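Take a look at the structure set out below.
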Amino acid sequence: MMTEKIVPGHPSLLNKGMLSDHQTANNLADDMGWKSKLKLPPKDNRFKTTDVTDTRGNEFEEFCLKRELLMGIFEKGWERPSPIQEAAIPIALSGKDVLARAKNGTGKTGAYCIPVLEQIDPTKDYIQALVMVPTRELALQTSQICIELAKHLDIRVMVTTGGTILKDDILRIYQKGLKIEFMCIL
């Protein structure tokens, strides 16, 4: 399991040790209420097939993700990782290449966007990820998911596709804050 037990005053608590030794148990208790303050969408009560529901029971918090990323995940309405996300996210976070296959609508975009967003350093002012997809529609769709997941992070996402003015794309690349580029080469 990829999570640590929460012990007040312990130096390496959630989110990769981002809580300091100086935090008190009271501050920690207040801090743990962040999830209840989110603006969650209505619960999705649609019927789901086993390729989406047959999980190991993991939670997104167990991946030790940045709180801001977790906020985006939960505000997107994702309550638990899908099977493809459970399998791919830990491997991608460890820095290994992932080749995964799953049906449409099973969470593949989240399976690669979440590790990419987790590894982006917002203090570095250059493009840190390039995502290449085969169609313009997929570039727009996946970048939108990435933007929604990153809404609490200081990250800008850009889509570049064929049929646009190259000069405009180059100017957009050099705007401050761009961290992820979604590209479709036709």
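Taken over the range 92-116, the criterion of being touching a residue at least 40 places away in the same chain (Cβ under 8 Å), out of contact with any Phe, Trp or Tyr (no Cβ under 9 Å at 6 or more places or on another chain) and of a type in the set (A, V, I, L, M, F, W, C) is satisfied by 102, 116.
Output the residues belonging to the range 133-143 that are of a type outside the set (Val, Ile, Thr) and either touching a helix residue (DSSP H, G or I) at 6+ places or on another chain (Cβ under 6 Å) or farther than 12 Å from residue 180 by Cβ (or both). Across the range 133-143, the qualifying residues are 134, 136, 137, 138, 140, 141. Exactly one residue out of 131, 159 is over 19 Å from residue 69 (Cβ atoms), crowded, with 16+ Cβ neighbours inside 10 Å and of a type in the set (Val, Ile, Thr), and it is 159.
Read-outs: derived from the displayed coordinates by stated rules, not from any lab. Being a predicted model, the structure only gives us computed values, none of them experimental. Note that we place each Cβ from the backbone using ideal geometry, even for glycine, and neighbour counts take in every protein chain shown.
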